[in-house]
Amino acid sequence: MTLKLPIYMDHNATTPVAPEVFEAMRPYFMEQFGNAASRNHPFGWAAEAAVEAARAQIAQLIGCKPIEIVFTSGATESDNLAIKGVAYACREKGNHLVTCQIEHHAVLDSCKRLEKEGFQVTYIRPTRCGLVDPEDVAKAITGKTILVSVMLANNEIGTIQPLEKIGRICKEREILLHSDAVQGVGKVPVNVDTLGIDLLSLTAHKMYGPKGIGALYVRMGNPRVKLTAQMDGGGHEKGRRSGTLNVPGIVGLGKACELAGQVMADEAERLRRLRERLWAGIQARIDRVHLNGHARFRLPGNLNVSFEGVDGESLLMSLKEVAVSSGSACTSASMEPSYVLKAVGIAKTLAHTSIRFGLGRATSEEEVDYVVERLAEQVVRLRAMQTGGYGVHAGGADRKAAG
Ligand code: PLP
């Protein structure tokens, strides 16, 4: 097989739309363009039927009822709706939330806003491997706690959280559990009942669906989660999220979920093998490398490595034909190392040397081997330059980790 450049190894940031997903969406742009809320004609009925079919496909993947799915514009909105929605709806009951320091900004900044409005938030510090200790969650819960929010898997270091245990603690204490499951849904098995999750955020573009469409699962029984809508308008989605539904996007999300359910087991195994090949290759060819995140409890396609003595940004710049991300700040243009690496206790200098590799459906052994070769070459060159007294920082703040 001939190698095609550039190589995409940033699947934690986003994924391409799968051909099957694109084909499923196609009719809903021009032929079946109806508004799913139009109740009086076939155009509306066709759109509504497509939306309901997608709701069922999503529900099937995460083990819930279709009616418990609320469509949103993506996981940022789902996280905002879950956290602020529960906080405002449960204000009478309490004003305390528990989350963890390595959550996505959609969760952290929603919490920060609530703090400005008088809510209190405990941010649990994870272990060095990025794990949230369920005991820490138990200790953080007070009589005023209304919500715990812990992500399923981290977008930078790939660590998968012990949600089942955290879910059990929340159930015992009758506290709602939200999980930002963006990175895990479609990659590893997720069942909201097994994990004890009451609200779950997901997004299509991390699972071979289109950008700009996501969903929030909201448990409707035992307990029935009360949510204050964050978007007021026409009362769509049973009043939980107003706004004309993005029918092609929803169809794409549904198809992406169906497809993920079909390929997940084999694909996870294949990705795990490729990731091990990448990590083994890096360790065999390069000294002073460190794995970030958990060795076992991690997303199959994620590898995050610190290359001691090499500026991550410079390494990125020298590997222009390989799309990966650095361990520096997620969305801003600042040169701060990633808050995730910082929170798990990785020193600033080492954090600056970190690269995130995100393997996906199209990743091949040839690509992995090529990346190992190029890394080995460039790490040696950059380390030699540094010991030779040359500046190693090549800028490139625009290539930081996204998502
Ligand atoms: N949560 C996590 C863990 C993510 O990785 C992302 C990715 O960007 C988001 C939330 C935001 O999702 P979206 O891009 O759909 O708003």
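The values are calculated or read from the model by the stated rules, or taken from the named source; none is laboratory data. Note that the structure is predicted; figures quoted are calculated from it, not measured. Note that each Cβ is placed from the backbone with ideal geometry, even for glycine, and that neighbours are counted across all protein chains shown. Keep in mind that these areas ignore ligands, DNA and RNA; they rest on the heavy atoms of the full protein, side chains included. Shrake-Rupley method; radii C 1.70, N 1.55, O 1.52, S 1.80 Å.
Values as computed for the structure displayed
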item	result
Out of Glu336, Glu269, Glu321, sole residue that is modelled with pLDDT under 95 and of a type in the set (D, E, K, R)	Glu336
Qualifying residues in segment 64-79 (those that are near the ligand (Cβ under 7 Å from one of its atoms) and not acidic (Asp, Glu)) - the one nearest to Cys111 (Cα to Cα)	Thr76
Within segment 237-257, tally of residues that are modelled with pLDDT of 95 or more and surrounded by fewer than 19 Cβ atoms within 10 Å (Cβ to Cβ)	3
Which numbered condition Lys320 fails, given (1) touching a Pro at 6+ places or on another chain (Cβ under 7 Å); (2) in a loop (DSSP other than H, G, I, E, B)	(1)
Any pair with Cβ under 9 angstrom, 6 or more apart, that starts in segment 293-310 at a residue that is under 16 Å from Thr14 (Cα atoms) and ends at one that is open to solvent by less than 10 Å² (accessible area, probe 1.4 Å) and among the acidic types (Asp, Glu)	Asn302/Glu156
Within segment 83-105, considering residues that are open to solvent by 30 Å² or more (accessible area, probe 1.4 Å) and within 14 Å of the ligand (Cβ to nearest atom), the one farthest from the chain's Cα centre (by Cα)	Gln101
Number of positions in segment 238-276 that are in a helix (DSSP H, G or I) and out of contact with any Leu (no Cβ under 7 Å at 6 or more places or on another chain)	26
Criterion violated by Val289 - all others in (1) surrounded by fewer than 20 Cβ atoms within 10 Å (Cβ to Cβ); (2) in contact (Cβ under 8 Å) with a residue 24 or more places away in the chain; (3) in contact with a Ser or Thr (Cβ under 8 Å, 6 or more places away or on another chain); (4) over 30 Å from Phe43 (Cα atoms) satisfied	(2)
Residues of segment 125-145 satisfying the condition of being within 23 Å of Cys90 (Cα to Cα) and either within 16 Å of the ligand (Cβ to nearest atom) or free of Cβ contacts under 8 Å to residues at least 12 places away in the same chain (or both)	Lys139
Flag for Asp232 being away from the ligand (no atom under 15 Å from the Cβ) and outside any loop (DSSP other than H, G, I, E, B)	no
Of all residues in segment 185-224 being among the basic types (Lys, Arg) and surrounded by fewer than 17 Cβ atoms within 10 Å (Cβ to Cβ), the one that is farthest from the ligand (Cβ to nearest atom)	Arg224
Filter result for the condition that a residue is more than 22 Å from Ile146 (Cβ to Cβ), β-branched (Val, Ile, Thr) and touching a helix residue (DSSP H, G or I) at 6+ places or on another chain (Cβ under 6 Å), over Thr203, Thr159, Thr244, Thr228	Thr203
Selected residue [touching a strand residue (DSSP E or B) at 6+ places or on another chain (Cβ under 6 Å) and of a type in the set (Gly, Ala, Ser)] from Gly143, Gly74	Gly74
Test result for Leu108, touching a helix residue (DSSP H, G or I) at 6+ places or on another chain (Cβ under 9 Å), open to solvent by less than 50 Å² (accessible area, probe 1.4 Å), within 14 Å of the ligand (Cβ to nearest atom) and without any contact (Cβ under 8 Å) to a residue 24 or more places away in the chain	yes
Residue identified as in the same structural domain as Leu177 (by TED's automatic domain parsing) and either out of contact with any Ser or Thr (no Cβ under 7 Å at 6 or more places or on another chain) or under 17 Å from Glu174 (Cβ atoms) (or both) among Leu114, Leu131	Leu114
Qualifying residue in segment 66-82 (condition: aliphatic (A, V, I, L, M), out of contact with any Pro (no Cβ under 9 Å at 6 or more places or on another chain), at pLDDT 95 or above and open to solvent by 30 Å² or more (accessible area, probe 1.4 Å))	yes
